[in-house]
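In what follows, a single structure is set out as structure tokens and then discussed.
The values are calculated or read from the model by the stated rules, or taken from the named source; none is laboratory data. The shown structure was predicted, so the numbers you read here are calculated from the model rather than taken from an experiment. FYI the Cβ positions are ideal-geometry reconstructions off the backbone, even for glycines, and counts take in every protein chain you see. For accessibility, only protein heavy atoms count, side chains too; no ligands or nucleic acids. Shrake-Rupley method; radii C 1.70, N 1.55, O 1.52, S 1.80 Å.
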Amino acid sequence: NKLIEYKADKMPVGKGEDNAIDFRNQNIQLEKGDIVYTFTDGYADQFGGPKGKKFKYKQLEEVILANASKPMQEQRESLAAIINEWKSELEQIDDILVIGVKI
């Protein structure tokens with residue numbers, strides 16, 4: 001029931017051979033029952049709510065923690081319902097991708 005964040009390398013999606021900087025390797029010891037989440041910035045950056053503000057990462061972390069004990073399909077449905085309710089009638093401004101893998 002805790003979230004451990006591993007910072008990603010800040011690299012553009014279109015990183016080509018001309019960019020000589022390599023991605024950093026991170027070794028993470030996982031145990032049965034752990035869940036690994038990876039996501040784009042689209043969920044946290046989505047505008048909505050009563051004041052039309054960004055969802056933000058802190059709120060995304062809270063949603064993930066609140067749903068982590070549920071089956072993966074229920075987590076998917078909950079995350080989709082929450083962001084759809086948040087953005088309401090506002091336009092989606094970016095891709096929204098959340099991947100969860102349960103070990």
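Rundown of residues vs (1) outside any helix (DSSP H, G or I); (2) open to solvent by less than 40 Å² (accessible area, probe 1.4 Å); (3) of a type outside the set (Ser, Thr, Tyr), yes/no style:
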site	(1), (2), (3)
32	yes, no, yes
44	no, yes, yes
50	yes, no, yes
62	no, no, yes
75	no, yes, yes
84	no, no, yes
90	yes, no, yes
95	yes, no, yes
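A single entry from 41, 22, 9, 45 fulfils the requirement of being of a type in the set (D, E, K, R), modelled with pLDDT under 90, under 21 Å from residue 98 (Cα atoms) and out of contact with any Leu (no Cβ under 9 Å at 6 or more places or on another chain): 9.
Does residue 66 fit the bill of being assigned to a helix (DSSP H, G or I) and either more than 12 Å from the chain's Cα centre (by Cα) or exposed (fewer than 10 other Cβ atoms within 10 Å of the Cβ) (or both)?
yes
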